[in-house]
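Novice: Handing you this structure, nothing more for now.
Values quoted throughout were computed directly from the atomic coordinates according to the rules given, and no laboratory measurement underlies them. Predicted, not measured: the structure shown is a model, and the values here were computed from it. Please note: Cβ atoms are built from the backbone with ideal geometry, for glycine as well, and neighbour counts cover all protein chains shown.
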Amino acid sequence: MGKSTVTTKDDAHALFHSLRAAYSATPTNLKIIDLYVMFAVFTALIQVGYMAIVGSFPFNSFLSGVLSCVGTAVLAVCLRIQVNKENKEFKDLPPERAFADFVLCNLVLHLVIMNFLG
Amino acid sequence: MAASTDTTAATPSSTLRHASGNILAFFILLLIGVLAFSIRLFSVIKYESVIHEFDPYFNYRVTQFLTKSGVYDFWNWFDDRTWYPLGRVIGGTVYPGLTLTAGTMWKVLQMLNIPLSVETVCVFTAPVFSAFAAWATYLLTKEVKGIGAGLTAAVLLAMVPSYISRSVAGSYDNEAVAIFALIFTFYLYIKTLNTGSLFYATLNSMAYFYMVCSWGGYTFIINLIPMHVLLCIVTGRYSPRLYIAYAPLVVLGTLMAALVPVVGFNAVMTSEHFASFLVFIIIHVVALAYYIKGILSPKMFKVAVTLVVSVGLVVCCAVVAVLIAVVASSPTKGWSGRSLSLLDPTYASKYIPIIASVSEHQPPTWPSYFMDINILAFLVPAGIIACFSPLSDASSFVILYIVMSAYFSGVMVRLMLVFAPAACIMSGIALSEAFDVFTRSIKFYAFQAVDTVSASTVSPQNNVVETDKKEDVLKERPSRKNKKKEKETVEKPLKKSETEKRPLILPVEASAIALFLTVLLGAFYVVHSVWAAAEAYSAPSIVLTSHTRGGLHVFDDFREAYAWLSHNTHVDDKVASWWDYGYQTTAMANRTVIVDNNTWNNTHIATVGTAMSSPEKAAWEIFNSLDVKYVLVVFGGLVGYSSDDINKFLWMVRIGGGVFPHIKEPDYLRDGQYRIDSQATPTMLNSLMYKLSYFRFVETDGGKGYDRVRGTEIGKKHFKLTHFEEVFTTHHWMVRIYKLKPQRNRIRGKTKKSRSSKTSSTKTRTITKKNPWH
């Protein structure tokens, strides 16, 4: 029992290190996107926490708040997938085009959010 | 379809060939649109340009209101002319897609100085959108299997009888635009899946929004797409494109669906939508796993998996348990009645008579499959097989689509409509593959005969490759994309097409005969579709015709009755009838009704049902309490119109008895049989419905009283009405209108003081509007 926990601990350490090493190799622009995604998810979590404490009374406001964060995160992940050089599938897609799509999608998202917020 | 590949292969230059092929495809599509539009005009030619049936009248009325008062009034419209005295919030309870579409079309036409009436626009909305649906089918099938299959599928869809039945000119119902929206949403999903473009993902969620606006059937989309995503993940076909196609759709789609008032918070609260959220979570986990797998070495990844699995399993179990507990604690398990009757076909007939009473909610019979999709039923399996070679993300989606829709169409006749496009796509694929093989083998032999051995060895090879060019370029796009990593040379597809081609060469005689038979099969389909469009599905059901020896006979009783109501009754009078005729009464007669086809209040309908099943006096009291002035019954006994109120009467009893237990179904049945002849029960013979239907009926055929629908003489022939008086009966007796006699005749001045004053005032009003029939 004790031995197994030790090995898992070691494994976890090794895993953590290799993850960190692998991640540090990612280009800066992807890291920025990652930060953005983390921020969006974090904001969504704060809102969910607030909802748990205070209640979800203006439900559309809560919904639009959380979904705008989730949506932003999802779209940023999509952008990250598209501009990632590692992804061979999106080699043909220039990053400018990917970003334009991203902006368009965000515009639509936030138009909907603004409509729904009221 | 085959023609395009033939002619395009003949031209020498590849760019020129592509161009001419595209032009040809464009014109074929144009013709398909014309075909889809014009095959639906039989109803206008044979009858006239009218709105059909029941629900379209309501949609027409809403559109009229929309064009008259604008969008904002439409959203806030509280309709006090229906469901009296409750009224109905129209803006918040309709799917606005259809009316907004038709309203926009009308407005655009007005701006272009084309003065069409709202009715005309409404009548032709469905044919126009079926042309759009055919084009959307082309796009969808093109994404799956290439242009040839796309064109074939579009032709098939343009005239599939199942779809025609819901989209003939005048059938102004939600399905008319919803099928287009459905196919187009699927197309954009596939397109996003194939390209991985966020732009198409945005368009996809907008198309989904339009679908949500149009039809309650949008739940089919929001369940089918997650299922496909899950299928892809389980079969190991996850790709970043899948994530881009799905994740934005869920977020944007949910938000947009919540914008539609009739859906509102249901988009996140009911379990029809939970599947999409669950898969949304799953795809994120999977995406993360794939990402980590990409950046870690295989050995470290294995370690990570064991770690995550051991921890995650516990958390997962807890979450799922909580979720199940929450869902199970709600009484209907969070599902609405209509969806539950999809999963459990017997649910509706057991618990909700009002759903079961609608004929389009019944399961279909086998002949109706043959009637509605005809030869497609045989071609579908071939199409499924063709989809498996090679299996791409797109073709797996189409397979899933047909399997699911086949199940749902088996539960509810109405959903045959969702099944028909899938069947068309599959059959289109099958037919085009068949044509492909046959023409190719014929061409191969023809080529061999013409071309001697001395001819250059390069050119035949080129030609052979060119024959396959489109399929290779288009249909194997997703699969080729995966292979791009390994080999990007032109050699590979070239060789592949050659090896693939060899077993597909059939003997020339066999392929010629098979080609002929396939064309013949298609011809049968066309003949059947035209027949279905002309004869079976074009009847507007408010104008009936019958062929007799004397020629064509027209029964225009419904409009006669509604016109009588609108001309001879006060504008605020309330008309009671069974709910089927509610929409028509409000739209055509402009009179307030008690219940209508939007069956939102079961109790109210049960009240009317109870009144219809009660004896005259009790019925009078119920109707009087509802302020009813006129009672309308539909009676087909004279001319043999079988869907009349007497045939629907048992449903009134059932629905009424469901709420008011003193109405018992066995009282109306003699030994379990429903009859109206001399063996009928006294409850039946004394019920209001019986009396209103058969009042003075004996006078029509000299004392016999022979009912042509039921095929018997009626049980009780001579009777007088005490609380109702007949005010109007149409030419063929199909609609009979009765007026409630004023209260003065029967009250002996004991109670109901307040009511007597009210009746006296109404009485003076009716006197001033004395109708000419008395």
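Novice: So, counting K/R as plus one and D/E as minus one, what does the shell of residues with Cβ under 14 Å around A:R20 add up to?
Specialist: That sum, taken over residues with Cβ under 14 Å, equals 0.
Novice: Let me ask something else about it. Using DSSP to define loop residues, name the GluC sites (Glu not before Pro) in region A:1-104 whose beta-carbon has at most 15 other beta-carbon atoms within 10 Å.
Specialist: For GluC sites (Glu not before Pro) across region A:1-104 that sit outside H, G, I, E and B with at most 15 neighbouring Cβ atoms in 10 Å, the list reads A:E86.
Novice: Right, something else. Can you tell me the FRET efficiency between B:F277 and A:L104 if r is taken as the Cβ-Cβ distance and R0 is 25 Å, rounded to the nearest 0.05?
Specialist: 0.50
Novice: If you rank B:D436, A:D11, B:D596 by fewest surrounding Cβ atoms within 10 Å, what's the result?
Specialist: Result, fewest neighbours first: A:D11, B:D436, B:D596.
Novice: Further question on the same structure: Normalised by the number of residues in region A:27-117, what is the relative contact order in percent for Cα pairs under 8 Å and 6+ residues apart?
Specialist: In percent, rounded to a whole number, it is 34.
Novice: Could you work out the local net charge near B:T712, counting Lys and Arg as +1, Asp and Glu as -1, over the other residues with Cβ closer than 14 Å to its Cβ?
Specialist: Computed value for this residue: +3.
Novice: In which sequence would B:T603, B:T569, B:T270 go, from the one with the fewest C-beta neighbours within 10 Å to the one with the most?
Specialist: Listing B:T603, B:T569, B:T270 from fewest to most nearby Cβ atoms yields B:T603, B:T270, B:T569.
Novice: Measure off 7 Å from each Cα along the Cα-to-Cβ vector at B:Q448 and B:F524, then give the distance between these two points in nanometres to one decimal.
Specialist: 3.1 nm
Novice: Residues with amide H under 5 Å of B:V727's amide H, sequence separation 5 or more or different chain, H placed in the peptide plane at 1.01 Å from N; which?
Specialist: For B:V727, the qualifying residues are B:I737, B:Y738, B:K739.
Novice: Mind listing the Cα extents of region B:501-606 along all three principal axes, in Å, largest one first?
Specialist: Result, largest extent first: 78, 43, 20 Å.
Novice: Quick one: Cα centre-to-centre distance for region B:535-576 and region A:34-56, in angstrom?
Specialist: When both Cα centres are located, 60 Å separates them.
Novice: Give me the number: length gained by fully extending B:T235 to B:S625, i.e. 0.36 nm times residue separation minus the C-alpha to C-alpha distance, one decimal in nm.
Specialist: 134.1 nm
Novice: Quick check: the distance between the Cα centres of region B:656-687 and region B:124-139, to the nearest angstrom?
Specialist: 48 Å
Novice: From the phi angles alone, apply the Karplus equation (6.51, -1.76, 1.60; θ = phi - 60°) to region B:236-243 and give each ³J(HN,Hα) in whole Hz, x where the residue is Gly or Pro.
Specialist: Per-residue couplings from phi come out as x, 9, 4, 9, x, 4, 4, 4 Hz.
Novice: Between B:V89 and residues 5 or more places away or on another chain, which pairs have amide H atoms under 5 Å apart, with H built 1.01 Å from N, and which residues are they?
Specialist: Here B:D79 satisfy the definition.
Novice: Using 1/(1 + (r/R0)^6) with R0 = 51 angstrom and r between the beta carbons of B:Y706 and B:W531, what's the FRET efficiency to the nearest 0.05?
Specialist: Calculated transfer efficiency: 0.90.
Novice: Per residue of region B:301-316, what does 6.51 cos²θ - 1.76 cosθ + 1.60 with θ = phi - 60° give for ³J(HN,Hα)? Whole Hz please, x for Gly and Pro, Karplus curve as stated.
Specialist: Running phi through 6.51 cos²θ - 1.76 cosθ + 1.60 with θ = phi - 60° gives 5, 4, 4, 4, 4, 4, 5, 5, 4, 5, 6, x, 4, 4, 4, 4 Hz.
Novice: Right, next: Please give the length that would be gained between B:D667 and B:W366 if that part of the chain were fully extended, namely 0.36 nm times their separation in residues minus their C-alpha to C-alpha distance (nm, one decimal).
Specialist: Length gained, B:D667 through B:W366: 104.9 nm.
Novice: Please turn the phi angles of region B:110-120 into ³J(HN,Hα) values with the Karplus equation 6.51 cos²θ - 1.76 cosθ + 1.60 (θ = phi - 60°), one per residue in order, whole Hz, x for glycine and proline.
Specialist: The phi angles translate into 4, 5, 7, 6, 10, x, 8, 7, 4, 4, 4 Hz.
Novice: Related question: Under the rule of at least 5 residues apart or a separate chain, name every residue whose amide H is placed under 5 Å from the amide H of B:S577.
Specialist: B:I594, B:V595, B:L632
Novice: What ranking of B:M412, A:M51 emerges when the number of other C-beta atoms within 10 Å of each C-beta is taken as an exposure proxy, fewest first?
Specialist: Ascending number of Cβ neighbours within 10 Å: A:M51, B:M412.
Novice: Here is a further query. Would you mind calculating the gained length between B:F388 and B:S642 on full extension (0.36 nm times residue separation, minus the Cα-Cα distance), in nm to one decimal?
Specialist: My answer for the length gained is 86.7 nm.
Novice: Another question, if that's okay. Pop a pseudo-label 7 angstrom from the Cα along the beta-carbon direction at both B:L721 and B:V89 and give the gap in nm to one decimal.
Specialist: Result: 3.8 nm between the two label points.
Novice: Here is a further query. Would you mind counting up the charge near B:V177? Only other residues with Cβ under 15 Å from its Cβ, with Lys and Arg at +1 and Asp and Glu at -1.
Specialist: So the environment of B:V177 carries a net charge of -1.
Novice: DSSP loop (so not H, G, I, E, B), at most 16 other Cβ within 10 Å: list which chymotrypsin sites (Phe, Trp or Tyr not before Pro) in region B:234-333 pass both filters.
Specialist: In loop regions of region B:234-333 (DSSP not H, G, I, E or B), the sparsely surrounded chymotrypsin sites (Phe, Trp or Tyr not before Pro) are B:F265.
Novice: Given the alpha-carbon gyration tensor of region A:27-117, what are the semi-axes of its equivalent ellipsoid in whole angstrom, ordered largest first, with each equal to the square root of 5 times an eigenvalue?
Specialist: Values for region A:27-117, descending: 29, 15, 7 Å.
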